[in-house]
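J.: Have a look at the structure that comes next, please.
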Amino acid sequence: MYVSRVLSGMRPTGRLHLGHYHGVLANWVRLQHEYPCLFFVADWHALTTSYDDPASIAENAHQMVIDWLAAGVDPQQATIFIQSKVPEHAELFLLLSMMTPQSWLERVPTYKDQQEKLSHKDLSTYGFLGYPLLQAADILIYRADKVPVGEDQLPHIEFAREIARRFNHLYGREPGFEEKAKEAVKKLGSKRARLYEELRVRYREKGEEDALKAAHALLEEASSLSLGDRERLFGYLEGSGKMILAEPEALLTHAARMPGLDGQKMSKSYNNTIALREEEETVRKKIRTMQTDPARVRRSDPGEPEKCPVWQFHKLYSEESIQGWVAQGCRAATIGCLECKEPVIDAVLRDLAPIRERARLYEEDPQLVRNIVADGCEKARKLAQETMRDVREAMGLDYS
Ligand code: TRP
Ligand code: SF4
């Protein structure tokens, strides 16, 4: 039986915050009980945008792994590793690059988006263009069929699927398959052959499911075909041959949006975060100084919770009874903002307490973290090497 495998990666960009926790890490922690999981530090990916500043990568990677462990990622359950310690990713990336149409990369929507968003950087590099292919190699090298990602990453997973399909199409078949398939097409008779070709192109190039169905029906009806030829034409249609690389599927993370201290989405670039290992006193201070509804200048001025970022936190953290107390007390000016923030402070501290508690062990013993990672790298590398053996063989590169 085939067992699903989960893989996901994160760029080492610095200390993780509550947004990462509720958006990604809590999900990883759940998944590790359900599937074999691989979680990796995408350090080469960090270079695609920060090639001019590689110095911080090592420390960021170390701290990020501590954040993962602190969040509850369990090295007994999940394999934690670092991309650059498994150089097979680069080999697969290289081999895949030979068969990747440049236009596929140029069409990935994040390409132009990110270039525009990060316009202060020169991202007209080969590595930046190729980054979705590196991500595809990350996934395909473990034959991971489930990839938990956020919405922004969906085009990359789709891209990886297309690459897997193309690879299997090119290298996963009997010798001379292409010729044999073309001969079989002729045997359909000229009218059917033309229709088959047309449907095939529509499915292969545009992914039209209707075309695939119609072509299947056409083949079912073609009674004069030998069994072998029929198989070939099904395979030729879908590009399936032997499956060497598995097509991954995105596991879209549905998490409540984590508000930042200013009410926008929590993000380092907005400078509105609460770090996972934030000091207790800093948490208090950050929340006490949060902006509230500007209408509440004096305590006697009524406010409107919907205009206040603190209310976003109550919606995420507080029970209904407290929410009622806030909504009423704010609108009637019977509670003060500092008072209103106290339950939020308590809730955030409660959220962070077990994380901070688990982190201590790893902070005090960096070698422990290194051992966990070294162990994970070794496991990951074994899996990657197995796939690479098959890939080299399929491409005829296993010669000496
Ligand atoms: N590109 C992802 C990001 O920026 C990180 C990443 C790299 C990744 N390789 C991956 C995620 C493979 C999932 C699977 O967030
Ligand atoms: Fe915001 Fe609470 Fe103050 Fe109302 S009382 S403005 S919800 S902090």
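The values are calculated or read from the model by the stated rules, or taken from the named source; none is laboratory data. Note that this is a predicted model, so its numbers are computed, not measured. Here the Cβ positions follow ideal geometry from the backbone for every residue, glycine too, while neighbour counts run over all protein chains shown. Areas reflect the complete protein model, heavy atoms only, side chains present, ligands, DNA and RNA absent. Shrake-Rupley method; radii C 1.70, N 1.55, O 1.52, S 1.80 Å.
J.: Just for region 169-187: of the residues that are touching a Ser or Thr at 6+ places or on another chain (Cβ under 8 Å) and open to solvent by 10 Å² or more (accessible area, probe 1.4 Å), which one is modelled with the highest pLDDT?
T.: Residue satisfying both the conditions and the ranking: Lys187.
J.: Report, by residue number, each residue of region 251-301 that is farther than 28 Å from Glu363 by Cα and within 32 Å of the chain's Cα centre (by Cα).
T.: Once the filter is applied, which keeps residues that are farther than 28 Å from Glu363 by Cα and within 32 Å of the chain's Cα centre (by Cα), region 251-301 yields Leu251, Leu252, Thr253, His254, Ala255, Ala256, Arg257, Asp262, Gly263, Gln264, Lys265, Met290.
J.: Further question: Determine whether region 350-361 contains at least one residue that is within 16 Å of ligand 1 (Cβ to nearest atom) and either open to solvent by 70 Å² or more (accessible area, probe 1.4 Å) or within 30 Å of Ser84 (Cβ to Cβ) (or both). Lay out the reasoning, then the answer.
T.: We begin by selecting, within region 350-361, every residue within 16 Å of ligand 1 (Cβ to nearest atom); these are none.
No, region 350-361 contains no residue that is within 16 Å of ligand 1 (Cβ to nearest atom) and either open to solvent by 70 Å² or more (accessible area, probe 1.4 Å) or within 30 Å of Ser84 (Cβ to Cβ) (or both).
J.: Considering only residues that are in a loop (DSSP other than H, G, I, E, B) and open to solvent by 10 Å² or more (accessible area, probe 1.4 Å), which ones fall in region 15-31? Full working, then the answer.
T.: At the first step, the residues of region 15-31 found to be in a loop (DSSP other than H, G, I, E, B) are 15-16.
Arg15, the sole residue that qualifies.
J.: Let me spell it out: the conditions are (1) near ligand 2 (Cβ under 10 Å from one of its atoms); (2) free of Cβ contacts under 8 Å to residues at least 24 places away in the same chain, and Val310 meets all of them except one. Which number is the exception?
T.: Going through (1) near ligand 2 (Cβ under 10 Å from one of its atoms); (2) free of Cβ contacts under 8 Å to residues at least 24 places away in the same chain one by one, Val310 breaks only (2).
J.: Looking at the structure I just gave you, is Glu209 surrounded by fewer than 15 Cβ atoms within 10 Å (Cβ to Cβ) and touching a Phe, Trp or Tyr at 6+ places or on another chain (Cβ under 8 Å)? It would help to see each step written out before you state the result.
T.: On the way: surrounded by fewer than 15 Cβ atoms within 10 Å (Cβ to Cβ): yes; touching a Phe, Trp or Tyr at 6+ places or on another chain (Cβ under 8 Å): yes.
In short, yes.
J.: Same structure again: Conditions first: (1) open to solvent by 30 Å² or more (accessible area, probe 1.4 Å); (2) in a helix (DSSP H, G or I). Thr110 passes all but one, so which condition is the exception?
T.: The failed condition is (1).
J.: Quick one: would you say Arg161 is surrounded by 13 or more Cβ atoms within 10 Å (Cβ to Cβ), assigned by TED's automatic domain parsing to the domain that holds Arg30 and assigned to a loop (DSSP other than H, G, I, E, B)?
T.: No; evaluated as a whole, the condition is false for this residue.
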